[in-house]
Amino acid sequence: MAGLATVLGSGAMTNSIDDATKASTILLMGSNATETHPVIGAKIKQAIRKGSKLVVADPRKTELARLADIHLQLKPGTDAALLNGLLHIIIDKHLVDKEYISQHTEGYEQLAEQVKSYTPERVSAITGVPVHLIHQAALTYGRAAAAAVLYTMGITQHSNGTDNVLAIANLALATGNLGRPGTGINPLRGQNNVQGSCDMGALPNVLPGYVPVEQANQRFGQIWQAQLPEQKGMTVGQMIDGGVRALYVMGENPMLSDPDGSHVAQCLDNLDFLVVQDIFLTETAERADVVLPAASFAEKEGSFTNTERRVQKVNQAIAPVGQSRPDWQIICDIAQRLGHNWHYSFPGEIFAEINQAVPAYGGFDYNSLESDGRHWPCPETDHPGTPILHAQGPARGRGVFTAVDYKGPGEAADEQYPYTLTTGRILFHYHTGTMTRNARGLGKHRKEEQAEINPADAAALGIASGDRVKITSRRGSVETAVIVTDRVPEKVVFMTFHFRESAANILTGNFVDPVSLTPELKVAAVAIEKVV
């Protein structure tokens, strides 16, 4: 969001999920979509069957990488260099959309000058991608009648993640691949209501509808009849690092999801007061002073806003189990005990306030969301919704080209830690396993971590699939089983963060992007030894 909102005026996915099937070329970066976003992965497969070209940039040979016309198997953390290299070729071969650039952008000349140094040869040396594949990918994207970029946390969870997003935006703006079917810049959200949470102001620098906190009272002072603070808040990392003395954690498990897990544990234990609101007793909840039992999605009603900005109704299927309650009821009760007059009787009343507070949601009717499912912005009740953003040009007026230089990851492999760890998810489990590891059937499919290691590295270490290894970084060590596979290149090891017994984020570092403050979870230097 830090990158796209600056460039376009909105940080959301520009096109719909179905729209991917209309692309003549899809560039998929940093996303193992068939495992982490299976519905979208299926749409990409549909697009391939319809004749779309697929270019995948990923360090691993994922399922979609094997199906791709071109797989750019780059070194972890070198995405910005690759993107600059693609744009270098597109400009050199006169494949830019001059009319779109003239009418809808600013800063192109500076960008064109900056990418001159990113020759295919230089980019190949940085990324490890062969020169001929860089050429093929650039021409495939640049010549496409409609090209879409889809990406996720393999792009953003880096110490240069914002630069990566800006470089993607440069590519789309230069070729005029915005505002039309089959085009766009499409960040795939990591969880089902990340987009909705951001829309409601669950970010440290904005309120609902992305109103900057500096303008809090202009917009919300009257709506909420309150004097609001106008200072930016803290990110999760800043809070855990000691920025607060009390912490209220809802539906999150930083003990497994945040980097440098040993440091996280120490910081949580140093708090004066920790409250966790969740549906299971997570690793974080085990350290809490108070645990508030929340209701799952099946036990409550309300709305979710998914990755394509589609607002959808959630209906209660069963009564809350035990003493669990919907989140909104818990929050309202706490607010009342703090002296605030919050008296919502059901989620529809809260949604009516959203209609008033967030203009993009103004036209949604809570009772018709089930059949509706429109995309925001939807400012009026008779508005059809907006599946494609920026149809008349970027929302901010002109899209901003931003020259970015490749900076490299915060930590590189060296003699002491000669392997690069990268992390992600697998199909059978999700995030920190809070829900999926409580599902017996999924546990039968994958009951433990299986770190992926290349056959050449396995031979050098004297290990085979099923053996156990100790993986060590500058932060700590974990033990895990391994699987030997060519899915990962030499000197790269892949782990998930689903399993508390082999918690990968004990190994990851606390390097952060200087703009978004997103931690670098996708690159860490590690050593590997066989456990005898």
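The values are calculated or read from the model by the stated rules, or taken from the named source; none is laboratory data. Note that this is a predicted model, so its numbers are computed, not measured. Positions of Cβ are generated from backbone atoms using ideal geometry, with glycine treated the same way; all protein chains shown enter the neighbour counts. Calculation scope for accessible area: heavy atoms of the full protein, side chains included, ligands and nucleic acids excluded. Shrake-Rupley method; radii C 1.70, N 1.55, O 1.52, S 1.80 Å.
Worth pointing out:
- Cβ pairs under 6 Å, 6+ apart, first in the stretch 50-64 and within 15 Å of residue 486 (Cα to Cα), second surrounded by fewer than 22 Cβ atoms within 10 Å (Cβ to Cβ) and among the β-branched types (Val, Ile, Thr): 63/34; 64/34
- Every listed requirement among (1) open to solvent by less than 50 Å² (accessible area, probe 1.4 Å); (2) in contact with a strand residue (DSSP E or B) (Cβ under 8 Å, 6 or more places away or on another chain); (3) over 30 Å from residue 298 (Cβ atoms); (4) assigned to a loop (DSSP other than H, G, I, E, B) is met by residue 420 save one, (4).
- Of the candidates 506, 463, 483, 471, the single residue that is in contact with a strand residue (DSSP E or B) (Cβ under 7 Å, 6 or more places away or on another chain) and open to solvent by 50 Å² or more (accessible area, probe 1.4 Å) is 483.
- Set 238, 191: member being out of contact with any Gly (no Cβ under 7 Å at 6 or more places or on another chain) and not in a loop (DSSP other than H, G, I, E, B): 238
- Considering only residues in the stretch 283-341 that are closer than 18 Å to residue 352 by Cβ and β-branched (Val, Ile, Thr), the one that is most open to solvent (accessible area, probe 1.4 Å) turns out to be 331.
- Within the stretch 293-307, the set of residues being outside any helix (DSSP H, G or I) and over 21 Å from the mean Cα position of the chain (by Cα) comprises 293, 294, 295, 296, 300, 301, 302.
- From the list 361, 419, the lone residue that is closer than 30 Å to residue 450 by Cβ and among the hydroxyl-bearing types (Ser, Thr, Tyr) is 419.
- Flag: residue 42 does not match the condition of being assigned to a helix (DSSP H, G or I), open to solvent by 30 Å² or more (accessible area, probe 1.4 Å) and either charged (D, E, K, R) or at pLDDT below 95 (or both).
- Condition met for residue 312 (under 26 Å from residue 198 (Cβ atoms) and in a loop (DSSP other than H, G, I, E, B)): no
- Filtered residues of the stretch 430-450 (kept if in a loop (DSSP other than H, G, I, E, B), out of contact with any helix residue (DSSP H, G or I) (no Cβ under 6 Å at 6 or more places or on another chain), open to solvent by less than 90 Å² (accessible area, probe 1.4 Å) and charged (D, E, K, R)): 446, 448
- Some residue of the stretch 255-274 being modelled with pLDDT under 95, under 30 Å from residue 389 (Cα atoms) and surrounded by fewer than 18 Cβ atoms within 10 Å (Cβ to Cβ): no
- Qualifying positions in the stretch 315-349 - touching an Asp or Glu at 6+ places or on another chain (Cβ under 6 Å) and either closer than 20 Å to residue 199 by Cα or part of a helix (DSSP H, G or I) (or both): 347
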